Amino acid sequence: MSSRPVKVGLLGLGVVGGGTWKVLTRNAEEIARRAGRSIEVAAVAVRDVEKARRLVGGDVFVTRDGLEVVRRPDIDIVVELIGGDTLARELVMEALNQGKHVVTANKALLAKHGNEIFAAAHAKGLMVLFEAAVAGGIPIIKAMREGLTANRIQWLAGIINGTTNFILSEMRLRGLSFAEALADAQRLGYAEADPTFDVEGVDAAHKLTLLASLAFGIPVQFDKAYIEGISHLAGEDMGHAKRLGYRIKLLGITRRREDGIELRVHPTLVPVERVLASVEGAMNAVQVYGDAVGGTLYYGQGAGELPTASAVVADLVDVARLQAADPEHQVPYLAFQPDAMVDTPILPMSEVVSSYYLRLRVEDRPGVLADLAHILADCSISIGSMFQEPHGADDADIIFLSHQAREGDVDQAIQKIQTLPFVKSEVTRLRVESLL
Ligand code: NDP
Ligand code: HSE
């Protein structure tokens with residue numbers, strides 16, 4: 001075991017930073033046995049210096065200025081746990097400039113600026129590790145970057161936002177309102193500083209963007225992701241989904257097709273018998289399908305203090321172990337060698353192929369169903385099943401499940417349906433995935 005400890009500069013001591021401090025402190029001996037040397041926090045940057053000093057004591061340098069930490073000559077690894085993509089970007093870029101390895105849990109930062117950050121790190125032969133940025137404590141990055149390297153990955157689908165999964169579970173299982181469930185998720189430390197990132201699917205899209213790069217060897221392209229969150233999800237659709245044998249989950253899905261790559265986050269009807277349908281609370285799960293291995297599934301806590309710290313500390317141990325390795329032989333940031341990335345296009349949403357759930361309210365009179373069926377047929381959409389529920393004396397809600405269809409065709413059908421005189425609501429459209 002080396003006698004010189006690895007010195008860490010911790011930017012942020014909130015939910016994840018505090019958890020990282022706790023894990024490094026309480027498991028110090030076990031971690032040193034694994035890393036081959038001890039890992040010590042030497043400096044911390046926070047806003048509330050007094051609060052931080054109460055936690056870390058007098059031996060650790062505490063400052064409000066992250067740059068002071070990043071520029072300290074004794075720091076080997078900078079751990080960025082502040083969040084956001086402005087100050088965090090400045091600090092990470094300066095850390096690399098100063099020759100420090102970087103560990104971060106910040107998916108927003110990497111989804112938007114990953115290409116720039118990885119290029120800067122590569123130029124300096126430095127590591128940037130981000131296990132905690134995707135699916136909290138689940139070692140999904142490690143699995144994709146190392147465990148599945150033999151495979152041509154076909155697709156992956158995951159519940160990769162703990163807050164929204166928690167909200168959907170609490171609404172369904174405990175009858176909580178959306179607002180109550182979100183407040184609980186915030187209290188438990190799952191939500192982002194701006195919880196609209198969770199609720200509107202942005203956080204899941206940040207993570208999916210990184211997973212797609214790891215799966216297919218493409219640059220990070222968050223701006224091309226399709227994003228739809230859960231804020232407009234109606235309780236009645238959850239009820240209808242149940243009746244049809246499905247559960248609604250916010251999924252991130254990326255799939256390799258001949259003509260490009262699908263990259264999308266949206267509420268999805270998942271058959272109840274699939275494992276992903278049973279993932280409740282803040283748990284995350286990612287299903288990855290590789291041509292050699294077939295289906296694999298990764299499950300665990302997707303958010304919160306200690307699970308996320310588990311991933312941060314695992315990255316720290318990796319850096320401690322590999323610090324001396326020849327940079328050319330380190331594991332590549334995005335699983336593929338930087339000069340072997342490809343520019344396979346991300347497909348527009350109109351080219352995505354899925355099954356669809358459509359719900360609309362209509363006047364309950366002869367010919368209505370026939371007209372709807374004609375429009376769907378004209379747009380090449382085949383109906384898998386349908387049912388109708390009366391609404392008052394004169395109206396009915398009609399629910400269709402389609403077979404696989406092109407999203408552009410579904411858009412066209414919805415536009416036509418919306419002009420029919422007997423249609424009395426907006427058409428609700430949700431996507432359905434068999435996950436087989
Ligand atoms: P918190 O809000 O709990 O903590 C943020 C920390 O950053 C605080 O310690 C805060 O200081 C410090 N900070 C904020 N602004 C500054 C600044 N200008 N200068 C110095 N320090 C500053 O966030 P989380 O721990 O929840 O999240 C951190 C990162 O981890 C984010 O990128 C998030 O997306 C990611 N993440 C979070 C998970 C979770 O479950 N919470 C899970 C996975 C990833 P002070 O304490 O003084 O306020
Ligand atoms: N806000 C995120 C979530 C934290 O709820 O999943 C973990 O990345």
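The values are calculated or read from the model by the stated rules, or taken from the named source; none is laboratory data. Treat the numbers as computed from the prediction; the structure is a model and nothing was measured. Quick reminder, even Gly has a Cβ in these numbers, built from the backbone with ideal geometry, and neighbours come from all protein chains shown. Note: accessible area is taken over every heavy atom of the protein model, side chains too, but ligands, DNA and RNA are not part of it. Shrake-Rupley method; radii C 1.70, N 1.55, O 1.52, S 1.80 Å.
Some notes on this structure:
- Whole-Hz couplings from phi, Karplus 6.51/-1.76/1.60, listed for the stretch 139-144; x for Gly and Pro: x, 6, 5, 4, 4, 6
- The share of accessible area on the stretch 140-301 that comes from carbon and sulfur is 50 percent, using a 1.4 angstrom probe.
- Pairs of Cα atoms nearer than 8 Å and 6+ residues apart set the relative contact order; for the chain it is 17 percent.
- Solvent-accessible area per residue in the stretch 353-432 equals 47 Å², computed with a 1.4 angstrom probe and all protein chains kept.
- Per residue, in Å², the accessible surface of the stretch 24-96 once ligands and nucleic acids are set aside, probe 1.4 Å: 54 Å²
- Packing order of peptides 76-85, 182-191, 99-108, highest average first: 99-108, 76-85, 182-191 (average count of other Cβ atoms within 10 Å over each peptide's residues).
- Percentage, to the nearest whole number, of Cα pairs in the chain over 43 Å apart: 19 percent
- Relative contact order (%) - the stretch 203-350, alpha-carbon pairs under 8 angstrom, separation at least six: 27 percent
- Toward the positive end of the charge dipole of the chain, with +1 on the Cβ of Lys and Arg and -1 on the Cβ of Asp and Glu, the farthest Cα among P271, S213, G9 is that of G9.
- Within the shell of other residues whose beta carbon sits under 13 angstrom from the beta carbon of G17, the net charge comes to 0, with Lys and Arg scored +1 and Asp and Glu -1.
- Tail fraction, Cα-Cα pairs, the stretch 305-436, threshold 27 Å, whole percent: 48 percent
- Excluding ligands, DNA and RNA, the accessible surface per residue across the stretch 163-259 is 41 Å² with a 1.4 Å probe.
- Three-way shape label, the stretch 1-126, alpha-carbon gyration tensor, a/c 1.5: oblate
- Degrees between helix 162-174 axis and first principal axis of the chain (Cα, 0 to 90, nearest 10): 50 degrees
- Dipole of the stretch 238-355 computed with +1 at Lys/Arg Cβ and -1 at Asp/Glu Cβ about the Cα centre; of G281, I253, A324, farthest Cα towards the positive end is G281.
- Basic side chains Lys and Arg get +1 at the Cβ, acidic Asp and Glu get -1 at the Cβ, and with that the dipole of the chain about its Cα centre reaches some 1100 debye.
- For the stretch 346-408, diffusion coefficient by Stokes-Einstein and Kirkwood Rh (Cα), 37 °C, 0.692 mPa s, µm²/s: 258 µm²/s
- Rounded to two decimals, the Cα radius of gyration of the stretch 140-301 over 2.2 N^0.38 Å is 1.02.
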